[in-house]
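The values are calculated or read from the model by the stated rules, or taken from the named source; none is laboratory data. In this text, all values refer to a predicted model and were calculated from it rather than measured experimentally. Positions of Cβ are generated from backbone atoms using ideal geometry, with glycine treated the same way; all protein chains shown enter the neighbour counts. Note: areas computed on protein heavy atoms with side chains; ligands, DNA, RNA excluded. Shrake-Rupley method; radii C 1.70, N 1.55, O 1.52, S 1.80 Å.
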Amino acid sequence: MEPDGDLVARLVRAAGVDELCARVLANRGVLPENAAGFLRPNLGSVSPPEEDPWRVAARRIREAIRRGERIGIFGDYDTDGITSAAVLYLALSRYTQDLCVRLPVRQVGYGLLEPYVRDLFADGVRLLVTADCGVSNRSEVELAASLGMDVIVTDHHIPPQRLPEAAVTVLDPKVWDPEDPLAGVGVAWKLAWAVARELEGPEARRWLGELLDLVSVGTVVDIAPLVGDNRVLASTGLRHLNRALSGRRARPGLEALVRVAGLRNGVDEEDLGWRIGPRINSIGRLKDPGPALELLLTSDRREALRIASLLNQLNAERQRRTELAVARALPVVDPEQDFKVVVTDETGGLAGLIAGRVASATGRPAAVLGRRADGSYGGSARAGETEVDLYGALLEVRDLLGEWGGHRKAAGLTVTPGNLEAFTGRVNAAVRRQRAVDPEIFEPAVEVDAEVALEMVDDDLLGWHERLAPFGSGNYRPVFAAGGLRIERSRQLWEGMNLLTLRGGLRARLACDPEGLPEGSFDAVFTVYRSRYTGVAEMEIVDWRR
């Protein structure tokens, strides 16, 4: 990528960074007037919850608290939904003890379904607040209203054409801004902020910072774009979590997860996404997710370690079952399909993981579905590393679907009885139409920020590079290119991953079989990181050629 030279020069002056950093900022669309805020994320820049829906929700919660009404919080069984429910519970428990919190189970289904509504009503709930769900549950919200329950929906998924009009209000930022990046936990945190302003005044948000550890976990694990408010919330939450861990005053549940995951010397966004998140998700994929919520709410460190150890065991079981299911799924993939549809016995909470692995192995989006007793097929879809718009493809075949929802990269769906063959044909046609518009949709080109000499990969580069973190969706690690590399030594770290020592002493990781390592001089595209073991700069080679 070759950014505008004038913009790069202005970023150098405005942000006080070197030209290479300015190039990276320019490639991310950062303007000079926003550079300081990007490099030093600050809570003061987070947009306050001032739109009417926030005020309506906060006032209804204030009334419930003053009247002594029972408030129910209903979340989801993934990390975003569990952290969302935890944030709302912890925030509202400052003002009332007449609270209950519930999560769905996969055996019944995702979202605010009728059985959950009736259970909450039977528990005495008169005000129901959803967390990371509800925007597509129009009929269930109507049922709740008919039973005498008011419903506040907090969600972040793409809203349907018809919102749940029976709700007191719908807090889904995508209703008023389709590009809003907030995860469900970010919406929950902003509602907590709105309630605090309503009950304590406009400056009452200091204690809200104590919840940002949970916000960072939910935001990163849900692969929400790390831009705008999300960047600030995730960055601030990670700093808060690491300070608390170093001072041995972290939330017991998160401290226990860090311990069982074998993490040392703090955590970063990759640890949240690859080590912490899967352990929180594991129990909801296999059974009742309630203990994961208990883990985040408990103040008992011994109980936290017990639950975290349980989640650790379940995560290992989840890994084993996923490997077996992927091994069974790959041989039955149709090579002619551009949207891989796989029917398997092992679905449930593992369908999304299997679909992601199939998508990664085939370079095509994939759906993994299981046959249900009524003849329908239910499961999950993933876009993998492609640029396919899953939501757009499924929207074209919505007449063949029952419940479904999601976003560009991931979706859950049900194919109605008798329509599997029609679904497979039409969704493949929808993906091919996307490919006709963008021929590189299956293999998007690697965008390189700059060409650098290997001697530039040092501590000075890491100094500004780390100020761009956290990295993830919407803010990927900078990608560099260099030529004339040679391998002096190599060893296998684990199957499929090698640690190289390059000429000049720089170390690099490269994913391939040892027999596939480049010989002689080669060029490479790579990212950089600080080694946790040595503290010096190392590379991860993304691609190479002779």
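Quick notes on this one:
- Filtering segment 419-432 to residues that are part of a helix (DSSP H, G or I) and either open to solvent by less than 20 Å² (accessible area, probe 1.4 Å) or in contact with a helix residue (DSSP H, G or I) (Cβ under 8 Å, 6 or more places away or on another chain) (or both) leaves ALA422, PHE423, ARG426, VAL427, ASN428, ALA430, VAL431.
- In the set ALA329, ALA308, ALA304, ALA316, only one residue is among the small types (Gly, Ala, Ser) and surrounded by fewer than 21 Cβ atoms within 10 Å (Cβ to Cβ); that residue is ALA316.
- The single condition among (1) in contact (Cβ under 8 Å) with a residue 40 or more places away in the chain; (2) not hydrophobic (A, V, I, L, M, F, W, C); (3) not in a helix (DSSP H, G or I) that GLN97 does not meet is (1).
- When residues of segment 32-43 are limited to those that are open to solvent by 60 Å² or more (accessible area, probe 1.4 Å) and either touching a residue at least 40 places away in the same chain (Cβ under 8 Å) or under 26 Å from the mean Cα position of the chain (by Cα) (or both), the one farthest from ALA122 (Cα to Cα): ASN34
- Just so you know, in segment 263-301 the residues that are of a type in the set (S, T, N, Q) and under 16 Å from the mean Cα position of the chain (by Cα) include one that is surrounded by the most Cβ atoms within 10 Å (Cβ to Cβ), and it is ASN281.
- Contact map, segment 324-335: residues that are touching a residue at least 24 places away in the same chain (Cβ under 8 Å) paired with residues that are of a type in the set (Ser, Thr, Tyr) and not in a helix (DSSP H, G or I), Cβ distance under 9 Å, separation 6+ or inter-chain. Pairs shown: ALA325/THR344; ALA325/THR347; ALA329/THR344.
- Search result, residues across segment 339-356 that are of a type in the set (D, E, K, R) and either crowded, with 22+ Cβ neighbours inside 10 Å or free of Cβ contacts under 8 Å to residues at least 24 places away in the same chain (or both): LYS340
- Pair list, Cβ under 7 Å, 6 or more apart: segment 1-27 residue more than 16 Å from VAL452 (Cα to Cα) and of a type in the set (Gly, Ala, Ser), other residue open to solvent by 40 Å² or more (accessible area, probe 1.4 Å) and in a loop (DSSP other than H, G, I, E, B): ALA26/ASP4
- Summed over segment 384-418, the residues that are part of a loop (DSSP other than H, G, I, E, B), over 18 Å from LEU350 (Cβ atoms) and free of Cβ contacts under 8 Å to residues at least 40 places away in the same chain give a count of 3.
- Residues that are touching a strand residue (DSSP E or B) at 6+ places or on another chain (Cβ under 7 Å), open to solvent by less than 50 Å² (accessible area, probe 1.4 Å) and either touching a residue at least 12 places away in the same chain (Cβ under 8 Å) or β-branched (Val, Ile, Thr) (or both) do occur in segment 189-197.
- Of residues in segment 198-228 being among the acidic types (Asp, Glu) and assigned to a loop (DSSP other than H, G, I, E, B), the one surrounded by the fewest Cβ atoms within 10 Å (Cβ to Cβ): GLU203
- Selection from segment 433-459 of residues that are among the charged types (D, E, K, R) and open to solvent by less than 50 Å² (accessible area, probe 1.4 Å): ASP449
- Taking segment 144-163 as the range and being open to solvent by less than 30 Å² (accessible area, probe 1.4 Å) and over 25 Å from the mean Cα position of the chain (by Cα) as the test, the residues that pass are ALA144, MET149, VAL151.
- Filtering segment 59-85 to residues that are surrounded by fewer than 24 Cβ atoms within 10 Å (Cβ to Cβ), in contact (Cβ under 8 Å) with a residue 24 or more places away in the chain and assigned to a helix (DSSP H, G or I) leaves ARG59, ARG60, ARG62, ALA64, ILE65.
- Selection from segment 386-406 of residues that are touching a strand residue (DSSP E or B) at 6+ places or on another chain (Cβ under 8 Å) and open to solvent by less than 20 Å² (accessible area, probe 1.4 Å): LEU390, LEU394, LEU400, LEU401, GLY406
- Answer from ARG231, ARG259, ARG251 - the residue that is under 21 Å from GLU50 (Cβ atoms), of a type in the set (Lys, Arg) and touching a residue at least 24 places away in the same chain (Cβ under 8 Å): ARG231
- Residue check for GLY109: among the small types (Gly, Ala, Ser), at pLDDT below 95 and touching a strand residue (DSSP E or B) at 6+ places or on another chain (Cβ under 9 Å): yes
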